[in-house]
Ligand SMILES: Cc1ncc(COP(=O)(O)O)c(C=O)c1O
């Protein structure tokens with residue numbers, strides 16, 4: 001045994017595949033990361049897949065750890081958890097008719113929402129959209145577009161149908177008609193929608209479609225679940241996309257940057273209407289670390305940071321800067337139209353996975369990290385820290401525009 005080699009490996013992970021196991025990150029701060037073999041930092045336009053919207057190891061958020069004292073409760077229903085409920089409800093501008101649950105990680109939040117829907121309609125199916133990504137858990141996996149899941153063993157854990165998007169049918173009207181047919185012809189227990197689809201390449205459903213979905217959910221008495229695990233926390237310019245578009249769903253899901261980039265904590269925010277249908281016993285809204293104090297304390301710091309700053313304004317200003325650089329550099333309308341933006345969620349529509357991978361590698365050689373994305377890998381996503389200094393953003397986006405021209409020309 002003693003003579004065995006001792007270099008161990010990680011199990012295959014999608015994230016590693018997307019980055020082709022290129023380098024190991026040894027240090028991260030603000031908008032930058034440092035790789036093992038290099039002293040020059042890389043501008044990070046992935047930010048832990050929108051987990052670190054407020055910059056890597058944000059100093060304000062890190063104070064959550066040093067301010068923990070022996071007066072804090074570590075587990076169970078703590079005073080800190082109650083404080084978070086009140087503070088988050090207020091930040092979202094909700095009235096008192098809402099209920100909160102804080103699981104660990106996004107997929108667990110999706111599972112909890114699906115469970116709430118299915119407890120009310122056990123024979124129902126769950127509905128999500130083409131291109132959806134709701135996680136790799138059991139039921140969250142069922143809601144995810146099959147194209148993301150090459151090998152699967154969980155598909156039968158709940159029944160689901162996928163409705164086409166405006167993007168697939170060419171108009172809001174046709175997609176709403178298809179959705180209405182689905183709601184009419186099936187017993188739908190819950191409808192899951194990412195107002196701006198994350199993994200499939202920042203596809204924005206738009207306000208009109210979202211409002212139409214809300215109306216249909218009300219008409220057919222189907223809970224509307226907005227999965228904003230990736231789109232919230234100012235990635236797309238607002239705390240929550242749905243609320244900024246005057247759409248109030250029945251359940252909202254938040255994750256990723258809610259934990260400030262340093263702990264896994266998500267939130268399920270559920271209206272009284274849905275919550276009152278849940279059984280008091282055995283509703284199973286519990287796992288050991290749900291609502292744990294370290295997670296809750298960090299989320300409280302995230303909310304304080306949001307209170308202290310005008311991130312909506314910052315994203316608006318930085319978004320305009322991105323547009324200005326892209327307009328200057330990408331002078332043909334065909335090329336310019338291939339770069340889309342919602343807030344600081346920026347996507348490039350490659351013609352295939354080879355083109356998007358070449359763009360990723362070109363950017364890597366320029367010390368900017370972006371990710372390939374989409375059900376077929378043909379997109380690139382750029383998710384800069386929303387706290388990124390403007391000159392760093394400008395330099396990264398200019399390199400991106402130059403790289404787009406080079407890659408598309410070859
Ligand atoms: C919209 C959305 N929902 C759910 C998830 C799953 O979250 P997690 O990976 O934290 O389980 C993700 C992750 O990327 C996501 O983007």
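Throughout, read-outs are computed from the coordinates displayed, never taken from laboratory work. Bear in mind that the values here come from a model prediction, so they are computed numbers and not experimental data. Glycine also receives a Cβ, built like all others from the backbone with ideal geometry; neighbour counts cover every protein chain displayed.
Here the stretch 297-318 is scanned for amide nitrogen atoms under 20 Å from the site 7 Å beyond the Cα of residue 207 along Cα-to-Cβ, giving 311-318. Residue separation of residue 352 and residue 120 scaled by 0.36 nm, minus their Cα-Cα distance, works out to 79.3 nm of gained length. Taking every C-alpha pair closer than 8 Å and separated by at least 6 residues, the mean separation divided by the residue count of the chain gives a relative contact order of 22 percent.
How much length, in nm to one decimal, is gained on full extension between residue 310 and residue 284, taken as 0.36 nm per residue of separation minus their Cα-Cα distance? Before the final figure, lay out the partial values.
Details: separation 26, 0.36 × 26 = 9.36 nm, distance 3.74 nm.
Full extension of this stretch gives 5.6 nm more.
The mean sequence distance of close C-alpha pairs (under 8 Å, at least 6 residues apart), as a share of the length of the stretch 148-227, puts its relative contact order at 28 percent. Rg/Rh for the chain (Cα atoms only, Rh after Kirkwood) is 0.96.
Which whole number in µm²/s is D for the stretch 109-247 by Stokes-Einstein, with the Kirkwood Rh taken over Cα pairs at 10 °C and 1.306 mPa s? Show your work: numbers first, answer last.
Numbers: Rh = 14.9 Å.
So the translational diffusion coefficient is about 106 µm²/s.
For the stretch 68-308, relative contact order (Cα pairs under 8 Å, six or more residues apart, normalised by length) works out to 27 percent. In units of the rule-of-thumb radius 2.2 N^0.38 Å, the stretch 323-410 shows an alpha carbon radius of gyration of 0.99. Extension gain for residue 146-residue 174 works out to 7.8 nm (0.36 nm per residue, less the C-alpha to C-alpha distance).
Orientation-averaged projection of the stretch 68-308 equals 13.0 nm² [convex hull of Cα atoms, one quarter of hull surface area]. Roughly how far apart, in whole Å, are the Cα centres of the stretch 303-368 and the stretch 64-84? When both Cα centres are located, 38 Å separates them.
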